[in-house]
Amino acid sequence: PGSAIKPIAVYGPAVDLGKITESDIVKDEKITIDGWTPKNAYTGFKGKMTIKEAVARSANIPAVKVLEEVGVSNSYGYMQNKFHISTLSEGDKNYSALGLGGLTNGVTVREMAGAYGVFVNSGKYITPHTYTKVIDSDGQTVLENSNEATQAISESAAYITADLLWGPVNLSCGTAT
């Protein structure tokens with residue numbers, strides 16, 4: 001999933017755990033963790049930036065620093081238990097996989113859609129379905145899916161993370177403009 005993993009593995013959990021706010025400052029600088037030196041997609045480093053700017057730029061080093069605050073085990077737990085990502089393997093319990101999206105088995109589009117839905121559903125995870133209802137030619141319901149929701153993250157954490165995701169599309173430094 002690459003950087004698309006950052007909101008569900010790093011920023012959403014960090015906000016939910018009270019580790020960060022949008023306006024917190026993180027420094028984009030060279031770091032080494034356990035012999036690994038992450039790099040940004042852009043050349044060099046941008047220095048101090050807010051979390052909001054880090055998300056907009058899809059800055060890798062700030063994401064890894066925030067993941068360090070969250071903890072690899074916490075991030076993995078959120079991915080598996082709160083955001084329902086089933087493709088994780090034990091080998092994904094590291095900064096590269098969880099912070100930058102280099103997951104061993106990837107992730108399905110359906111699971112990513114369900115995970116991202118948490119941010120616009122007041123923190124509730126709703127199992128994604130391909131259909132809601134199938135009706136036969138007589139108007140009788142043959143199959144029907146119900147929306148079962150579980151609280152994945154707090155309502156405020158969902159709102160803040162959704163607001164963070166506004167940046168990549170709308171800020172001048174955003175990567176999705």
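The values are calculated or read from the model by the stated rules, or taken from the named source; none is laboratory data. Computed from a predicted model, the values in this text were never measured in an experiment. Here the Cβ is made from the backbone with ideal geometry for all residues, glycine too, and neighbour counts use every protein chain on show. Surface areas here come from the heavy atoms of the whole protein model, side chains and all, with no ligands, DNA or RNA. Shrake-Rupley method; radii C 1.70, N 1.55, O 1.52, S 1.80 Å.
Computed over the chain, the Cα gyration tensor eigenvalues convert (square root of 5λ each) into semi-axes of 32, 17, 14 Å, ordered from largest to smallest. For segment 1-100, the residue among Tyr76, Gly47, Ser86 whose Cα projects farthest onto the positive side of the dipole built from Cβ charges is Gly47. The listed residues Glu144, Glu68 rank as Glu144, Glu68 when sorted by accessible area, largest first, using a 1.4 Å probe. Here's the picture: a label point sits 7 Å out from the Cα of Val169 along the beta-carbon direction, and within segment 81-121 the residues with their amide nitrogen under 17 Å of it are 113-121. Taking the Cβ of Asp16 as the center, what net charge do the other residues with Cβ under 11 Å away carry, scoring Lys and Arg +1 and Asp and Glu -1? With Lys, Arg at +1 and Asp, Glu at -1, the net is +1.
Sum -39500 (n - 2.57) across every DSSP H segment of at least 4 residues in the chain, then divide by the residue count to get the 222 nm mean residue ellipticity, nearest 500. Mind dumping the intermediate values first?
Details: 8 runs with 61 residues, N = 177.
The helix-only estimate for the chain comes to -9000 deg cm²/dmol at 222 nm.
If you run the Gaussian network model on the chain, springs between alpha carbon atoms under 10 Å, then out of Ala41, Ala56, Ala115 the most flexible one is Ala41. Within the listed set Gln80, Gln140, Gln151, the Gaussian network model of the chain (springs between alpha-carbon atoms below 10 Å) gives the highest mean-square fluctuation for Gln140.
Among the trypsin sites (Lys or Arg not before Pro) found in segment 35-128, those both in a DSSP coil and sparsely packed, with 14 or fewer other Cβ atoms within 10 Å of their Cβ, are Lys39, Lys93. In the chain, the longest principal axis of the Cα atoms and the axis of helix 109-120 are about 80 degrees apart.
The chymotrypsin sites (Phe, Trp or Tyr not before Pro) found in segment 72-146 that occupy coil by DSSP, while having at most 14 further C-beta atoms within 10 Å, are Tyr131.
Accessible surface ranking for Trp166, Trp36, 1.4 angstrom probe, highest first: Trp166, Trp36. Legend: residues Val142, Val26, sorted from most to least accessible area (1.4 Å probe; ligands, DNA and RNA excluded), read Val142, Val26.
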